[in-house]
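These notes are about the structure you will find just below.
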Amino acid sequence: MTLWAFLPWIIALLLGLAVVCFILYCGYIHYQHKKYDHIPGPPRESFIFGHSRILMKHMKNNGLVYDLFLDWAQKYGPVIRFNFLHRAAILVVSPEAVKEFLMSPKYTKDWFYDRLSHMFGSRFMGKGLVTDRDYDHWHKQRRIMDPAFSRTYLIGMMGTFNEKAEELVERLAEKADGKTQVGMHDMLSRVTLDVISKVAFGMELNTIDDDQTPFPRAISLVMRSLVEMRNPFIRYSLGKQKFIKDVQESVKFLRKIGEECIRRRQKAIEEGEDIPVDILTQILKGAAQEEDCDMEDLLDNFVTFFIAGQETTANQLSFTVIELARSPDIMKKAQAEVDEVIGSKRDIEYDDLGKLQYLSQILKESLRLYPTAPGTSRALEEEMVISGMTIPANVTVMFNSYVMQRMEEFFPDPLVFNPDRFHPDAPKPYFSYFPFSLGPRSCIGQVFSQMEAKVVMAKLLQRFAFELVEGQSFGIYDTGSLRPMGGAMCRLRPRANSGTAEI
């Protein structure tokens with residue numbers, strides 16, 4: 001008999017094996033469900049896919065997933081269960097749990113961060129500071145990077161902050177006629193990109209003057225991919241293949257530019273040239289202490305700092321512009337403070353920043369309503385009781401600043417933009433405000449980011465009054481970082497040179 005005679009039997013056997021595997025997998029899903037079903041949570045829409053379809057449907061309709069989380073937290077309590085295939089994840093909105101998990105190195109980042117190391121098969125952040133799950137290796141990297149964020153070095157950044165912010169306001173002045181519509185998110189993304197490129201890596205991109213540079217598009221694509229990858233089946237979607245290819249090309253582009261930048265700096269070091277004590281220098285110092293560090297390892301932190309240092313600050317500034325335009329009294333109070341502290345001088349000094357107290361409150365309140373990096377997660381490896389609920393081991397525990405910072409029990413009238421929440425005499429939030437995370441793995445660049453944001457915002461308030469265009473969307477677009485859906489479209493008017501607002 002020929003092989004063809006056995007083909008029906010082979011096919012039947014394979015189908016039988018597939019059915020058996022499917023039944024066994026369903027049994028495993030049921031077992032996993034039983035382990036966690038005592039924890040409150042929304043009904044599963046699907047036995048196999050769990051809550052995935054609910055989340056995907058919400059995202060497809062331009063809804064923000066974190067608004068769903070907020071609704072569920074208010075309905076089901078401080079510990080909420082989600083199911084995705086055979087996996088379970090636990091969202092916790094307890095300040096005590098935030099303190100326990102984020103303030104201690106005991107709890108490592110969970111498997112989600114492995115997904116950020118590669119993007120559709122292309123190495124993205126690798127084992128950089130954000131994605132490294134090995135605490136000891138991460139701690140070594142962090143210790144090496146710390147000098148690049150010391151007070152001395154941050155003070156030295158003020159020149160670049162002023163230079164790039166001045167270029168921004170000069171370009172905006174050309175459009176400040178009270179009629180021209182300006183996409184503030186676009187302009188603010190350009191200035192933060194120019195800043196991080198220069199102060200971190202010694203690169204002059206000048207995207208404020210050149211809107212054709214490929215960097216913004218590459219960054220937007222990879223950030224959008226962070227959201228798209230939540231769909232575990234995106235790789236198999238024919239309609240997404242071009243998007244996936246574009247993302248892979250964007251990742252390769254960013255790493256290629258990084259490699260060129262690193263090799264130039266290595267050559268400068270070899271030739272004995274004076275080099276700045278910037279992030280790139282610290283990346284190379286770290287490499288010198290690693291026996292097996294190669295170019296790919298160096299590029300992990302290049303990409304990490306490049307992405308994290310640009311996108312989040314631009315988004316924070318954009319939301320701040322929107323809220324100030326919606327709250328004229330708050331904007332006038334901020335302008336009065338800027339007039340008093342800065343006056344009409346061109347260069348803002350480091351000591352000026354500490355005097356801009358009300359502006360600090362505004363920026364903190366903006367991050368409360370719109371935490372640009374809204375969540376983090378940890379791996380729970382041992383059974384634990386959280387808020388009276390027993391949580392079995394080997395599960396992801398999620399903490400979401402967007403959810404907690406919009407809950408009435410932590411912030412009265414949470415949807416009201418009120419900078420006085422952060423007045424020096426106001427009570428401090430108890431582990432319910434963490435836009436930069438908390439503890440040892442909090443964002444290394446948070447002081448850098450807020451110095452930059454304050455310089456840019458102070459110059460905007462010094463030079464312009466702004467109002468939102470009619471029909472401006474106040475929706476929030478999730479690209480891995482939160483950004484304003486409508487682009488923060490404004491009309492600008494110049495203020496008088498004396499620093500007093502035009503009437």
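The values are calculated or read from the model by the stated rules, or taken from the named source; none is laboratory data. Since this is a predicted model, take the numbers as computed values, not measurements. Cβ coordinates were reconstructed from backbone atoms using ideal geometry, including for glycine residues, and neighbour counts include every protein chain displayed.
Quick one: is Ser46 hydroxyl-bearing (Ser, Thr, Tyr), within 23 Å of the chain's Cα centre (by Cα) and either surrounded by 15 or more Cβ atoms within 10 Å (Cβ to Cβ) or modelled with pLDDT under 90 (or both)?
Numbers: hydroxyl-bearing (Ser, Thr, Tyr): yes; within 23 Å of the chain's Cα centre (by Cα): no; either surrounded by 15 or more Cβ atoms within 10 Å (Cβ to Cβ) or modelled with pLDDT under 90 (or both): yes.
Answer is no for this residue.
Restricting attention to the stretch 118-130, which residues are touching a Lys or Arg at 6+ places or on another chain (Cβ under 8 Å) and either of a type in the set (S, T, N, Q) or not in a loop (DSSP other than H, G, I, E, B) (or both)? Give the derivation first.
Our first condition is that a residue be touching a Lys or Arg at 6+ places or on another chain (Cβ under 8 Å); within the stretch 118-130, this holds for 120, 122-123, 129.
Matches in the stretch 118-130: Ser122, Arg123.
Tally up the residues in the stretch 196-210 that are among the polar types (S, T, N, Q) and part of a helix (DSSP H, G or I), please. Give the derivation first.
Just the residues of the stretch 196-210 that are among the polar types (S, T, N, Q), to begin with: 197, 206-207.
Restricting the remaining residues to those that are part of a helix (DSSP H, G or I) gives 197.
Total satisfying the criteria: 1.
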Those residues of the stretch 245-279 which are under 21 Å from the mean Cα position of the chain (by Cα) and in contact (Cβ under 8 Å) with a residue 40 or more places away in the chain, in sequence order: Val247, Gln248, Val251, Lys252, Leu254, Arg255, Gly258, Ile279
Residue check, Gly286 assigned to a helix (DSSP H, G or I), over 18 Å from the mean Cα position of the chain (by Cα) and either surrounded by fewer than 24 Cβ atoms within 10 Å (Cβ to Cβ) or among the acidic types (Asp, Glu) (or both): yes
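Go through the stretch 62-117 and report how many residues are β-branched (Val, Ile, Thr), in contact with a Lys or Arg (Cβ under 9 Å, 6 or more places away or on another chain) and part of a strand (DSSP E or B). Walk me through it before giving the result.
In the first step, residues of the stretch 62-117 are kept if they are β-branched (Val, Ile, Thr); the result is 65, 79-80, 90, 92-93, 98, 108.
Now restrict to residues that are in contact with a Lys or Arg (Cβ under 9 Å, 6 or more places away or on another chain): 65, 90, 108.
Among the residues that remain, those that are also part of a strand (DSSP E or B) are: 90.
Total satisfying the criteria: 1.
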Criterion violated by Tyr477 - all others in (1) touching a strand residue (DSSP E or B) at 6+ places or on another chain (Cβ under 9 Å); (2) assigned to a loop (DSSP other than H, G, I, E, B); (3) in contact (Cβ under 8 Å) with a residue 60 or more places away in the chain; (4) of a type in the set (Ser, Thr, Tyr) satisfied: (2)
Conditions (1) of a type in the set (Gly, Ala, Ser); (2) in contact with an Asp or Glu (Cβ under 7 Å, 6 or more places away or on another chain); (3) surrounded by fewer than 22 Cβ atoms within 10 Å (Cβ to Cβ); number of the one not met by Gly475: (2)
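For the condition of a type in the set (Asp, Glu), surrounded by fewer than 20 Cβ atoms within 10 Å (Cβ to Cβ) and touching a residue at least 40 places away in the same chain (Cβ under 8 Å), what is the one hit in Asp351, Asp425, Asp420? First the steps, then the outcome.
Details: Asp351 fails: touching a residue at least 40 places away in the same chain (Cβ under 8 Å); Asp425 fails: touching a residue at least 40 places away in the same chain (Cβ under 8 Å).
One residue alone meets the criteria, Asp420.
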Failed criterion for Glu273 (all others in (1) assigned to a loop (DSSP other than H, G, I, E, B); (2) surrounded by 11 or more Cβ atoms within 10 Å (Cβ to Cβ); (3) not small (Gly, Ala, Ser) hold): (2)
Test for Ala200: is it buried (at least 16 other Cβ atoms within 10 Å of the Cβ) and either aromatic (Phe, Trp, Tyr) or closer than 14 Å to Pro276 by Cα (or both): yes
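Looking at Thr180, Thr213, Thr192, which one is under 20 Å from Ser318 (Cα atoms), of a type in the set (S, T, N, Q) and in a loop (DSSP other than H, G, I, E, B)?
Numbers: Thr213 fails: under 20 Å from Ser318 (Cα atoms); Thr192 fails: in a loop (DSSP other than H, G, I, E, B).
Just one listed residue meets the conditions, Thr180.
Do we have Ile244 as in contact with a Lys or Arg (Cβ under 9 Å, 6 or more places away or on another chain), of a type outside the set (Ser, Thr, Tyr), outside any helix (DSSP H, G or I) and on the phi < 0 side of the Ramachandran plot here? Before you say what the answer is, go through the steps one by one.
Numbers: in contact with a Lys or Arg (Cβ under 9 Å, 6 or more places away or on another chain): yes; of a type outside the set (Ser, Thr, Tyr): yes; outside any helix (DSSP H, G or I): no; on the phi < 0 side of the Ramachandran plot: yes.
Answer is no for this residue.
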Helices (runs of 4 or more DSSP H) lying entirely in the stretch 333-444 (those with 1 or more residues that are within 29 Å of Ile39 (Cα to Cα), at pLDDT 95 or above and among the aromatic types (Phe, Trp, Tyr)): 401-404
